[in-house]
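Inspection log for the structure reproduced underneath, given as structure tokens.
Quick note: the coordinates plus some simple rules give every number you see, no bench work behind them. Predicted model, so just to flag it, every value in this text is computed and none were measured. Note that we place each Cβ from the backbone using ideal geometry, even for glycine, and neighbour counts take in every protein chain shown.
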């Protein structure tokens, strides 16, 4: 790994997060995928795998780690195994500017989440941005106004504590949308109820723009591949 | 089905609904498609099949059931048979928040519809969302205003009772649009008349955004495959 | 054709219209295309064929008939012959709600047009919808206002009588746009002059949204295939 | 060419213009492309060829002539040679309604331009339309207001006389945008300076909507093919 | 290179810049890519290579030079080697109209940047334009207002001096967006912090429209190919 070290650009604070959504377009070499997963974990990444419903993707990987070169290697390997990466998201964990009041433990949990949460196996991912339109311009609001809208949003989300784990990662400058939202829930109904409820929050109602939604079920890589590729 | 049980995330209330739109891009193994359909039904899903007109898809499947893993297996199998899934929709049946006055039987029919309705063989599906623009923001309306607009919408739809069966499923947090609308009618003209009429409802006129429309004819899988793939 | 009869959903009033735009992507079996055309006509459809200019399609078919299963069979056959259907439009002939004053003969001509008009061989097709924006909302206008705008539009179009035949078909609920417009003209210049002129009609200026335009030349299927596939 | 004559729809005034942008996706039979070019010219078309920079296309052809069937044949031939037409534009030369004061010679030059201009080898093409939004609606302006905005636009363009040749062709009713703009310049910097300067014209600032830009270098077909396909 | 000379259109001031984003879709002939890179540099181009994260591309090249034909040859060669160019950007270096106060050395550095900056290996590219909407119309502002907004923007950017090198190149008339922004940073977190911070600048908040973001890591071509294609 000498070259990677030489060329390395490790993430100094928090984790770099790479979501990869892939399709099974032809024969897939399972053993290469499995080996790629092992090496990604050995190189310090957390790896979540999920089966995805519908035409946008057959499966999803969420990689969290310090070294983007290691994440790029994982991508090259699964492509080499025959998976076609059809969608992706590049982001980073962060403690948001509105989270001033968080305890040190909570800040640490935002920067270094431990995934997947064992009992919450329903999965969805969507990217979002804040609007900058004439009458709905998030970036023209004062910090105080934004902070208050975010606090209301957080309160609305807390009603789903225990049922939903929400992981928001930041992507301004890194991907087409400003944030990525990864939800883990008990079942698909909880995901739906949570996002529907929060759509009435004043911040979402006026300022949120949502990208495509990817929905599925978290499982061991072995189980995901069994269902999609055959054993 | 042991693994599915272990990893399972069954839908506790109502049904998970997976619409799959597929193209015949090359040779299709009919027997695998037929076997997949049998297994999906055996695993507790209702399955509607339809031929679709035009370039977006050659055929459609609508799966309703409790187990998303079972629906994902159906998708994997038809892909494996050579069908290319070109579009899809992930949603759930629901009793909407505006349906407070419904009888228990009607609520049950919304959560557990019985499909396809034998005599209504014209088919269309389209997704929709409510607008959140400065002057047309559904989510900024009071519950009373929304409830009244939905009641007017329902009345307008009831003029088509007997000619059209409308199945609205919820997808906020699950797919790119907030609802999926599946219509079953006597003929294509009824579908057109119904949607055209409802476009003048105040709720649709100001607040509805519509996605792509998929139009075709419901038939037994056997008949659909005869017409599309040859026997 | 027994099965189609059993599963049939014939159009009770007017005609179902299927526009198919196709590309020659590889070897095409001419005889299958020719056979499909013969059968479609034998099953009661009118069939217009045209060569299309540019990347969107190489050729177009416009099918008008009573039986959507018959139109779907035509599509399956030309796909099977090697044509790739790249775009399409599903619609129906209609007597619009603003055509109250039409004579019975004119109403009949709208429901049952006879195509193609022999001498008008320049062809274009485009879909359109009426806007539902805050300040440009067609569906929020009164019937009287809409009727007046349509009358002005009709008058502006009548200046092209004899040079242009306009066939407007309805697709609300059937396809992504609300109407399809098929124009037949003496040459491409007449098509351009007609559409450009009508863009200044108040109804078009404020309320019309246009989709992609497909432009070409109507000819016998034999001639079209000679030019595109070789004899 | 008897059949084309029979089915012909020659352009009575001005020229029909077909822009074809193509990719080299696999082996290309140079001799078929060269033969197609010779026949197109022999059938009375002017033909401009250019290499294009970037992913949208590898090369461009601009055909101007009287007979759209002849242009369609050229397209069929280069497709048959292995070029994949990835983008296109169908339009016509015209004397615009704002050009009343032009001399007969200048009107003739608009209807029958002679291309390519030998010394101006930098090339770009882009389509454009005029807006029809509530506060920026070109088609709701009076003729006098439009004429004045166009005159200002023309004056701003004349600052580039000798450095830039601008060919504007009309496509309302023929293609997705209302006009196509083909620029020929001394170098890419002149193209950039010209379009950037004109973006501050009041007409462009408020009413113009621009489509994709295709940029490259005009050269003999032989030179273009040498650079792209090899000799 | 005689033909290129004959047909040449060298850039008289500053450099022409070609960004190419490419996918590894099948077997890639490394030696052709390496040879193409050597010849591009021998012909006077600077060449930056980077691995890209996610589905949009596997790797990126940024070419800066005087001769667009030489850049086109590089593109043809890497395509010939098996790389599929999936996205691109055509632009030029410039001294912007708001940079009147710059020293001669700084103006020279804008026209002739030296890339890549050795120590800044995190990479992102995105295109952008200024809005021309009714209430957010950059081109309807006075020069003084634009100059002031750009000065504020510059100040906000200077907070990242040493951490981020920003290269803005101009593309009005050359590509779909008006400017391309290439950022080089110490790590992905610096890129994110810089772009997020600048989004609150008044000019960005009201007038900027952003295209897709491409994010990755700069490295020697050899290292990039090792990670993506294998050695």
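Taking C:66, C:13, C:163 in turn, the Gaussian network model of chain C (Cα-Cα springs below 10 Å) assigns the largest fluctuation to C:13.
Counting only alpha carbon atoms, the long axis of helix A:143-158 and the longest principal axis of chain A meet at about 60°. Between identical copies, the spacing of residue A:26 label points, each set 7 Å from Cα toward the C-beta atom, reads 0.8, 0.8, 1.3, 1.3 nm from nearest to farthest. Across peptide C:116-126, the mean count of Cβ atoms from other chains lying within 10 Å of each residue's own Cβ comes to 2. Counts of other chain beta carbons within 10 angstrom of each beta carbon in peptide A:89-97 average 3. Would you mind classifying the protein assembly as shown by shape? Square roots of the alpha carbon gyration tensor eigenvalues, ordered a ≥ b ≥ c; an a/c under 1.5 is rounded, otherwise it is prolate if a/b is larger than b/c and oblate if not. Because its axes are fairly even, with a/c under 1.5, the protein assembly as shown counts as rounded.
A crude spin-label estimate for the pair residue E:151 and residue C:25, with each label 7 Å from Cα along the Cβ direction, gives 5.7 nm.
Among E:65, E:211, E:173, determine the one that fluctuates most according to a GNM of chain E built with springs between C-alpha atoms less than 10 Å apart. Taking springs between Cα atoms under 10 Å, the residue moving most is E:173.
Structural descriptor for region A:118-216: relative contact order 48 percent, calculated from alpha carbon pairs under 8 angstrom and at least 6 residues apart. Shape of region E:12-51 from its Cα gyration tensor (a ≥ b ≥ c, root eigenvalues): rounded if a/c is under 1.5, otherwise prolate when a/b > b/c, or oblate? Cα axes put region E:12-51 in the oblate bin.
In nanometers and ordered shortest first, the copy-to-copy spacing of the residue D:44 label point, defined 7 Å from Cα toward Cβ, is 4.5, 4.5, 7.3, 7.3. Take the alpha carbon atoms of region D:204-226, find their center, do the same for region A:185-202, and report the distance between the two centers in whole angstrom. So the separation of the two Cα centres works out to 47 Å.
Between copies, the label points of residue A:140, set 7 Å from Cα on the Cα→Cβ line, lie 1.3, 1.3, 2.1, 2.1 nm apart, reported in increasing order to one decimal in nanometres. Distance from the Cα centre of region E:110-154 to that of region B:115-145, in angstrom? Distance between centres, Cα-based: 41 Å. Efficiency by 1/(1 + (r/R0)^6): what FRET value for residue B:111 and residue C:96, r their Cβ-Cβ distance, R0 = 41 Å, to the nearest 0.05? The pair residue B:111/residue C:96 has a calculated efficiency of 0.55. Among chain D residues, the one whose Cβ is nearest the axis of the rotation from D to E, given with its distance rounded to whole Å, is D:134, 7. Return one number: the angle in degrees, 0 to 90 and rounded to the nearest 10, between the long axis of the Cα atoms of helix C:68-80 and the longest principal axis of the Cα atoms of chain C. Here the helix axis deviates by roughly 50 degrees.
Considering helices alone, the calculated mean residue ellipticity of chain E at 222 nm is -10500 deg cm²/dmol, with DSSP H runs of length four and up weighted by -39500 (n - 2.57) and normalised per residue. Does region C:119-211 come out rounded, prolate or oblate, given a ≥ b ≥ c as the square roots of the eigenvalues of its C-alpha gyration tensor, rounded meaning a/c under 1.5 and, failing that, prolate meaning a/b above b/c? The shape class here is prolate. For the peptide A:220-229, the mean number of other protein chain Cβ atoms found within 10 angstrom of a residue's Cβ is 3. I'd like the orientation of helix A:188-198 relative to chain A: the angle between its Cα long axis and the longest Cα principal axis, in ° from 0 to 90, rounded to 10. It is inclined by approximately 30 degrees. For region C:118-216, what proportion of DSSP beta bridges, expressed in % and rounded to the nearest 5, is antiparallel? Beta bridges within region C:118-216, antiparallel portion: roughly 100 percent.
Relative to one another, the C-alpha centroids of region D:157-178 and region E:19-84 are positioned 33 Å apart.
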